[in-house]
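Here is the structure we will look at, set down as structure tokens.
Every number in this text was worked out from the coordinates using simple rules, so none of it is lab data. Just so we're clear, the structure is a prediction, and the values are computed from it rather than from any experiment. Cβ atoms come from the backbone with ideal geometry, glycine included; neighbour counts cover every protein chain shown.
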Amino acid sequence: MILILSLTSHEPAFAEEELTDGYFTLIDEDNNEIFHTAIVLHPGDIFISEDNKAYEVVSIHEQTAKARISETVTLDDTEEGSQQTTGSRLSAYLQVIGDSISRIFLAGQQQTAKTVVIYNTHSDESYEPTSGTSTKDWGDVYKVAAAFEDALKKHGFNVVRATDNHNPHDGAAYARSRRTLAQLLKERPVAAFDIHRDAVPPEVYRTKVQGEDVTKITLVIGQQNQTRGQNLAFAKKLKSATDSKVPALVKGILWARGNYNQDMLPRAALLEVGAHTNSLEEAEKAIGLFASAIAPAILGAESATGFQQGSPGRSIAWIIAILIAGSIGYLLVSSRKRKVH
Amino acid sequence: MTVGLILLLVVSVLIFLGLAHRVLDRMRLNDRQALVAVLSILIGGFIDIPVFRGLWTVSVNLGGSVIPVIIAIYVLSRADTQTEARRGVLSAVATGAALLAISKIFTFEEGRTIIDPIYVFGLVAGVIAYLLGRSRRAAFAGAVLGVVFLDIAHLVEVIIRRLPSTVNIGGAGAFDAVIIAGLIAVGFAEIFGETMERLQTLPDEPEE
């Protein structure tokens, strides 16, 4: 047991350590402050800043993460498919298996508009200036998700937003929201968004767009899943699209430890829309601007769980069908044998 | 449910090839029953039965909880001795408690996760259930029931704290955990249990 736990976590993160009073500061080699976040940083995490510099965390001292610039990222040269590793390919195959089976249950349903799915893993997250509290049973992040839904619908998307509540905010919240996402995947979305908010001082996320106060948005992508390459490419695409329309709205991309259920599809992103110290209105405006900026980028995407004619997915679907048929055949044959005996 | 699904497919291939025969035999299952079990878990994974709608939305997943629980109870009911059955129940309770503790102690927040909770829960459940259950039957039942206990504990918690929540017992995630846990428990019993038995058996004693 201890062995397993030590294998699964280098630094056990205890619930009581949750950074409600403090936050991490990412500094570069010259001690310039780059980024602040309540997300716990680890060596190896990569933060892609507003100006597309990739900072890799090399050491942690208390709540300060020292980083070195590893490269300047070019956002547009990343084809989503080009980052495939064996793991991501395997994951894509598994995706197809799930999709093939779910198709059996969705037979006859035709889709016209591109579907985007939205949900909230941390159901309690709220904005203090608006609600007077940073957490409540039905957090303000649901309202941000609703604003995102409305904005995407205006751009012609079919949006399916889950209002499932994944309380309490504990270690099993992502395991619970995984079920919600699994349900949402039956809609065959082109992309999935999990809406959160960060926990840092207001100025970290506050910015002005056309004279109005709005929050910035950080995209969080998990490093620990087979589809990480595709998800990172997707996040870069979103940032690139936003940078060209609303510069500085996206604060950066944090490529952090974790999975965040992003193994379930190649175009999944976790959004930190402002912090608990910003107002709900600022966050709602930000997500509206973000939706308008990213719409063209997602419109060009194929169904995230779908597969094309002649793709390996088809063969996998056949293998599954043969396996199921084989099982039934085996059962029939073995029951006949029994009768003979 | 990708990991759970692929494991189920591997298991069905093993059953086809007759490689799981000996393990299944010890669990008092024949190949036919095992295939029916695998197929019904596979298909049942897509079926959620709504139980309650209100402050809490409660549903039960057929393949992730109902069918595995039925199999676990069946396997336990065929235990050799009462002690073995009791050990299976004990192992289930201990596994459930350990998983609950992990979900409370460890936070799988953004940036905190080393490994996805689905794998952690499955791995821990499998190992604890094996250590306490020992026999394949008790270990399997302990692992499967322990994972389902975690979901039930969540339901009890949100009811007591009157927290609005969606509770899907055995849904995606738990589905994977149930399968990972069950297979690890049986696998450990098969590999370590059998090896220990061989090591402890004197050469002139007839093997089981």
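With contacts taken as Cα pairs under 8 Å at a separation of at least 6 residues, the range B:1-70 carries a relative contact order of 23 percent. Label-to-label distance for B:Phe52 and B:Gln33 is 3.4 nm, based on points extended 7 Å past Cα in the beta-carbon direction.
Which order results if B:Asp80, A:Asp170, B:Asp31, A:Asp198 are arranged by neighbouring Cβ count within 10 Å, fewest first? If you can, show how the numbers build up before the last one.
Working: B:Asp80 12, A:Asp170 21, B:Asp31 18, A:Asp198 27.
Ranking B:Asp80, A:Asp170, B:Asp31, A:Asp198 by Cβ neighbours within 10 Å, fewest first, gives B:Asp80, B:Asp31, A:Asp170, A:Asp198.
Amide H to amide H distances under 5 Å link A:Asp198 with A:Val273, A:Gly274, A:Ala275, A:His276, where only residues 5 or more positions off or on other chains count and H is placed in the peptide plane.
Quantify how strongly other chains surround peptide A:178-187 by giving the mean number of their Cβ atoms within 10 Å of each of its Cβ atoms.
Details: counts 11, 16, 5, 2, 11, 6, 0, 2, 1, 0.
For this peptide, the per-residue mean of nearby foreign Cβ atoms is 5.
By the beta-carbon count within 10 Å of each Cβ, the least crowded to most crowded order of A:Lys245, A:Lys143, fewest first, is A:Lys245, A:Lys143.
In this structure the amide hydrogen of A:Ser70, modeled in the peptide plane, comes within under 5 Å of the amide hydrogens of A:Ala54, A:Tyr55, A:Glu56, none closer than 5 places in sequence on its chain.
Using Cβ counts within 10 Å as a stand-in for footprinting exposure, how do A:Phe35, B:Phe52 rank, fewest first?
The fewest-first ordering by Cβ neighbours comes to B:Phe52, A:Phe35.
Residues of B:169-182, mean number of Cβ from any other protein chain within 10 Å of their own Cβ, rounded to a whole number? If you can, show how the numbers build up before the last one.
Working: counts 1, 1, 7, 13, 11, 5, 3, 2, 1, 0, 0, 0, 0, 0.
That average works out to 3.
Peptide B:38-48 has a mean shielding of 3, counted as Cβ atoms of other protein chains within 10 Å of each residue's Cβ. Of A:Tyr205, A:Ala113, A:Ser134, whose Cα points farthest to the positive end of the dipole of the range A:80-299 (charges on the beta-carbon: +1 Lys, Arg; -1 Asp, Glu; origin at the Cα centre)? The Cα lying farthest towards the positive end belongs to A:Ala113. Using 0.36 nm per residue and subtracting the Cα-Cα separation, the extra length available between B:Val13 and B:Ile105 on full extension is 29.3 nm. In this Cβ point-charge picture (+1 for Lys and Arg, -1 for Asp and Glu), the range B:2-200 has a dipole of about 460 debye about its Cα centre. Estimated at 0.36 nm per residue, the fully extended path between B:Ile160 and B:Tyr74 surpasses their Cα-Cα distance by 27.8 nm.
May I ask for the equivalent-ellipsoid semi-axes of the range B:1-146, computed as the square root of five times each C-alpha gyration tensor eigenvalue and listed largest first in whole Å?
Working: eigenvalues 130, 78, 56 Å².
The three semi-axes for the range B:1-146 are 25, 20, 17 Å.
Computed from label points 7 Å out along Cα-Cβ, the spacing between A:Ser59 and A:Thr74 is 3.4 nm.
Calculated FRET efficiency, A:Leu331 and A:Asn32, Cβ-Cβ r, R0 51 Å, to nearest 0.05? Could the numbers behind the result be given before it?
Details: r = 67 Å, r/R0 = 1.32.
So, using R0 = 51 Å, E works out to roughly 0.15.
Annotation: amide H of A:Ala65 within the under-5 Å range of A:Thr25, A:Leu26, A:Ile27, sequence separation 5 or more or interchain, hydrogens built in the peptide plane.
What longest region of chain B stays clear of trypsin sites (Lys or Arg not before Pro) that DSSP places outside H, G, I, E and B and that have at most 13 other Cβ atoms within 10 Å?
B:79-160
Here, the range A:235-283 yields an orientationally averaged convex hull projection of 4.4 nm² when only Cα atoms define the hull. Taking every C-alpha pair closer than 8 Å and separated by at least 6 residues, the mean separation divided by the residue count of chain B gives a relative contact order of 26 percent. Taking 30 Å as the straight-line reach from the Cα of A:Lys237, the lysines in range (excluding those fewer than 8 positions away in the same chain) are A:Lys53, A:Lys66, A:Lys114, A:Lys143, A:Lys153, A:Lys154, A:Lys186, A:Lys208, A:Lys216, A:Lys245, A:Lys251, A:Lys285.
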